[in-house]
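Beneath this line is the structure, given in structure tokens, with notes to follow.
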Amino acid sequence: MSNKKSSLSKAAQQRVKTYEARSNVQESRKDLRKRDNKIALFAGVGALLVALGAQLGYASIHSSASPSASASPIATPSSTPAATNSAAAPKPSLAESRKWSGSIALNGDNVGIELDGTKAPQAVANFVSLAKKGFFKNVSCHRLTTEIIYVLQCGDPSGDGTGGPGYNFGPIENAPKDNIYTEGVIAMARRGGDASSQGSQFFIVYKDSTLGSDAAGGYTVFGRVTSQLAVVKKIAAVGTADGKGDGKPKKAVSITAVNVK
């Protein structure tokens, strides 16, 4: 029995490492896109060629990074530096220090939600602000995990894990001390080891999952599903497009509406 538990623990740790490593690669691609845009706007033809060559080297280094490049799931160090916020990030005061109710429609099916502005004011202010602007409308849920970690990840306007609202924010708020994200939890996705890399991407936990803390901490829990979690479970039951435990949902999923009040 103890050997079985040990095997499951190792498998869980490896899944978390893989999850974080993939997030890091997606974030690197996002940084490269931003850099490409700057080069296109400000560099001459000669400088552009040099810069592109440098980027190819950068991409090869980061895209080939193994899961071990991510921090192991360990307790948050007491010396973790304070997170920094982009000036464009909504102010925590917009969360109004209260709970918000509403719904997220996935392919037209409403999932009831509650957001806790008392425990995660920065994340709730961000989500509410984006929702009221219509940011999430027709944005896909681009990632589904079905082994050890059970989440549906949404909120990326690019649809491939590299997009966001044009800014990032921190800190990590209201992360569970035991690293267990219970069924129905709604939490912010981020880059591994970076507390200030939260944006618009979030995930819904459809079955209890253990997500170990890294050098930056855990993941911001800013809400929970109050009704119709069955909608998410039905999506998960169909599986991923390639049949593996981590990938795009086999059946395309889009957020058709988000309402909060």
Is there a pair in Lys99/Lys234; Lys133/Lys251; Lys137/Lys261; Lys91/Lys133; Lys177/Lys234; Lys99/Lys248 whose C-alpha atoms are over 23 Å apart, and which pairs would that be? Lys99/Lys234; Lys133/Lys251; Lys177/Lys234; Lys99/Lys248
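Please list 180-187, 148-155, 104-111 highest first by mean number of surrounding beta-carbon atoms within 10 Å per residue.
The densest-packed peptide leads the list: 148-155, 180-187, 104-111.
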Candidate residues Arg224, Arg143: accessible-area rank, largest first, probe 1.4 Å: Arg224, Arg143
For segment 111-207, what size does the Cα cloud have along each of its three principal axes, sorted from largest down, in whole Å? 33, 30, 29
Can you give me the distance in nm between label points at Ala230 and Glu114, each placed 7 Å from the Cα along the Cα-to-Cβ direction? 2.0
Computed from the mean reciprocal separation of all distinct C-alpha pairs, what Kirkwood hydrodynamic radius does segment 168-228 have, in Å? 11.6
Hey, can you grab everything whose amide H is under 5 Å from the amide H of Gln198? Only 5+ residues off in sequence or another chain; H modelled, so Pro and N-termini drop out. Phe169
Going by amide H atoms built from the backbone, whose H comes under 5 Å of the H on Thr240, apart from near neighbours? Lys250
Rounded to the nearest whole number, the per residue volume of the convex hull around the C-alpha atoms of segment 185-261 in Å³ is 121
What is the gain in length, in nm to one decimal, between Lys261 and Glu147 on full extension, counting 0.36 nm per residue of separation less the C-alpha to C-alpha distance? 37.6 nm
Between segment 228-261 and segment 176-210, the alpha-carbon center distance in angstrom: 16
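Compute the normalised compactness of segment 106-150: alpha-carbon radius of gyration over 2.2 N^0.38 Å, N being the residue count.
Working: Rg = 13.1 Å, N = 45, 2.2 N^0.38 = 9.3 Å.
Working it through for segment 106-150, the quotient is 1.40.
The values are calculated or read from the model by the stated rules, or taken from the named source; none is laboratory data. These figures come from a predicted structure and were not determined experimentally. All Cβ positions, glycine included, derive from the backbone under ideal geometry; neighbour counts span all protein chains shown. What goes into the accessible areas is simple: the full protein's heavy atoms, side chains included, and nothing from ligands, DNA or RNA. Shrake-Rupley method; radii C 1.70, N 1.55, O 1.52, S 1.80 Å.
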